[in-house]
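What follows draws every value from the coordinates through simple rules; no lab data is involved. Keep in mind that what you see is a predicted model, and the values were worked out from it rather than measured. Because the Cβ atoms are built from the backbone with ideal geometry, glycine has one as well, and the counts that use them run over all protein chains shown.
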């Protein structure tokens, strides 16, 4: 049962990664692509981490994975801010 | 010397230049002091090691006390010991040369110089294919740094090109090494050699990848295009080390992989012959291009391609196991004598450049009158490169041609002999210009110490030809024996 | 095929594809975006390989490195290189075909590889003698310590070479002060220090150790350099140079004492083995961090107008 | 308070391994020292733990909503996006709260913060017809209460 849930989480995560990548390709400008990056891909990572946590079935491991996810979330938000600022500055100096 | 633990000699051989490198980073202003001390210690240790090998045979050491296949082994055979001694002596001379006021090399020169020397020693001892890759990385990085320290944008461009080739070569070699590990579960040359008796597709692919990777680093035809610019751009002491030894280390590893790693594999005759063809092409092409050069350092750089070609010939000439030892000694003699001769000639070219401000051939007319000792040394080095008696180069070529004729492969004697003719043609031109009448007075004075050092290096290559018996007998200790089943 | 490979194969495929796009795209920002996603996928790959600790390191590194990349990409003037599209593609395509063909041959060979267990059994058998319980650490600092020593030498030499070539290059210019980056740096760096300490400790028993710890610490340092809160190790100051070569020097000194202490180069006396290994790892952690910070500072200085040939 | 946080993180990382206790002191101390050096005089005051948890607790849910939102937009053949930039004023004095708001906005569906300005945030919207002002103001208010809990009551 746990394995089944884990697999579902991981597959769901992969789906969002796929969607994020499609977004990265299809969205017309860099700022829109940031949405794909900060939202779909982060959710994908979160779901995979959750799947691995369920699979491991260990609270400490799960907390560790939470740390990984939060770090990645903070990192991608920072990166989005940096790129965004650079783009805005370039377009309207 | 009998009682000395071989560990001490081996530890000093690699440890001294590494320690010197650390000190040179920490106290750069004293870089030349560390370099001289480290190379002197290394020379002493190399003498001890060579003497021990002469009496007791090959030195075998397991690093950290971990035996193969888990740990890394050092194996110092006769030729390896002589090459380490050569490295130490040449490095000491180069360090002394580079430390001479008023043109002492800056602090930045010494760390890559010392790390390069350490990497070379490590390569001549290593008996582990992954460790060889790591040591090659260190050697390449140090070499690229030495090239980049030359003057101007051209040096940086040459260094970048060298870096790219070295990286590509490293990745290719690493792929081959990875395949060997994946296929045979070991990195130790002795164990690999037994396992590779049946190499299968994995083994052959690994051999091809490693050969291509090392060929790029050793500037084998047609992967040689980076070499002339790189060796000509580096400052003279850097060029001397690069052309005399760095290329040779990759070649030595290449020989080891073919003749030790694949000693018991059924290496097909056509593979051996095509390696010979590559060597022959290098000999001819290097000679032809050297003739067209108008700058002394470029001319010397191209002549290295010819010498590289001679060494590769060892593999096809070993096809008949009866003549393997002869070919091995011949190749070893090329390596050792070329190291001394080429170091002398590059340092000499550096002095001419310092004195004249350039190294264009047409304008060094009369240089011999201003610095006779240097040009005399240059001529001795030339004798060695051409292979005229009584030089080490002559002995080397004699042995190689003998191996070719005895082994029924007379066709390889043709490029071996022709290489000498090419070399003679362009070196006579350079020397003739230098010795011709002209206003040598326009040249600035050069330090006497540098002149003496260059002469000593050149004389060393001559001594190898005058007294070849002992070095040749040392080279035979631990020479590879193989059982390639194929006939040429 | 099981559920695992159902995830792994697309994951591997996407990583390769993103790596390709990151270098093939014409626009630096697009490339940076691909690179960031690649970083996320790498975290995923580590999770899939069952190494959450390495995933933590990857998450930390991904942040710092992409920061540097972005900085470089965005600071560069808008590329107007018409020359790039003429002539080059043919060579590129040729290279791509050659790489693909080579890759295909490799895959074919790999699929036919016999099932050897490599040296796993031997490592497991001898590991107790080293005193550490992580096979990776055992291989890196005991069985193949000599390789590791030379690799650290490569790193130290790279920094020294960069310093030598940069000469009197200007110090790195920080990014313009930005409240977000500033706040981020002030929060993340203490965490980086903690995680680096953890990874160093973890090296004794599981994936981790000096290389990861040093990388995380180095990235924390890089973030400080980027935000202008701190500079890299200074080549003109004694302690700056000591930080960079200290790890290598200590490793070398202990290794050279080996013949006297334990009868072989790089051998450790068994009763001190684990402590010596941890000591070396601690020094390596700091030196690796200092090397990374120095290299990034050099790269940034080389990007400055008027700087000499750096890097 | 910070030290406690670092210690908790350490315990999570080492999975509560007691053998790391000796090192833990050193690592937590150096992390706290780095923190003290970098954040001298920048304390955020007493936190209201309950409110912090309430704000952070929304992150996973928002993240899921945002992820689904983007995935649908990316995968629909018609590509239903109308990207645009807006400036949203937020009425908080503390720059730390503004930055925190910027981070949370990036997790919310439809918005990515691209710049933090003195009077508010610069947001990029995936659908510029939506009005996000109220939503962002709410986040900022919640955060201010959480981070300044002791002062504003």
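Points worth noting:
- Using only the C-alpha atoms, the convex hull of the range B:214-263 corresponds to 56 Å³ per residue.
- Antiparallel DSSP beta bridges within the protein assembly as shown, as percent of all bridges there, nearest 5: 95 percent
- Mean residue ellipticity (222 nm) of chain B, computed from DSSP H runs ≥ 4 via -39,500 (n - 2.57), nearest 500: -24000 deg cm²/dmol
- Per residue, the convex hull spanned by the Cα atoms of the range B:290-369 measures out at 86 cubic angstrom.
- Cα-based shape type of chain A, given that a ≥ b ≥ c are square roots of the gyration tensor eigenvalues and the cut on a/c is 1.5: oblate
- Note that the range D:1-147 carries a Kirkwood radius of 17.8 Å, evaluated over its alpha carbons pair by pair.
- Cα gyration tensor shape of the range B:35-186, rounded if a/c is under 1.5, else prolate or oblate by comparing a/b with b/c: oblate
- Cα centroid of the range B:274-305 to Cα centroid of the range C:249-292, whole Å: 45 Å
- In this entry, the range B:338-488 is assigned a mean projected area of 10.6 nm², taken as a quarter of its C-alpha convex hull surface.
- Whole-percent P(r), the range B:105-196, all Cα pairs, 10 Å bins from 0: 17, 38, 28, 13, 4, 0.
- The range B:1-86 - convex hull of the alpha-carbon atoms, volume per residue in Å³: 101 Å³
- Contact order relative to length of chain B, as percent, for alpha carbon pairs under 8 angstrom and 6 or more apart: 16 percent
- Global geometry of the range D:61-152, whether rounded, prolate or oblate, following the gyration tensor of its Cα atoms and the 1.5 cut on a/c: prolate
- Spread of Cα-to-Cα distances over 10 Å intervals beginning at zero, given as percent, for chain B: 4, 22, 33, 27, 11, 2, 0
- Net length gained if the chain between residue C:299 and residue C:120 were fully extended (0.36 nm per residue, minus Cα distance): 60.5 nm
- The label point for residue B:288 and the one for residue D:25, both projected 7 Å from the Cα toward the Cβ, are 7.6 nm apart.
- Inter-label distance for residue B:358 and residue B:436, nm, one decimal - labels placed 7 Å from Cα along Cα-to-Cβ: 1.6 nm
- The range B:371-424: projected area of the alpha-carbon convex hull, averaged over directions, in nm²: 3.6 nm²
- Translational diffusion coefficient (Stokes-Einstein; Kirkwood radius from C-alpha pairs) of the protein assembly as shown at 10 °C, 1.306 mPa s, in µm²/s: 51 µm²/s
- Relative contact order %, the range A:2-91, counting alpha carbon pairs below 8 Å whose residues are six or more apart: 33 percent
- Top of D:23, D:50, D:143 by mean-square fluctuation, Gaussian network on chain D, Cα under 10 Å: D:23
- Centre separation in Å (Cα based) which lies between the range A:49-93 and the range B:319-374: 60 Å
- GNM result for chain D, Cα springs below 10 Å: residue of D:88, D:114, D:28 fluctuating most strongly: D:28
- When the P(r) of the range C:119-311 is calculated, the portion above 32 Å amounts to 23% of the C-alpha pairs.
- Measuring between their Cα centroids, the range D:79-153 and the range B:163-205 lie 57 Å from each other.
- Between the helical axis of B:372-386 and the longest alpha-carbon principal axis of chain B there is an angle of about 30 degrees.
- The range B:266-488 - percent relative contact order, Cα under 8 Å, separation 6 or more: 32 percent
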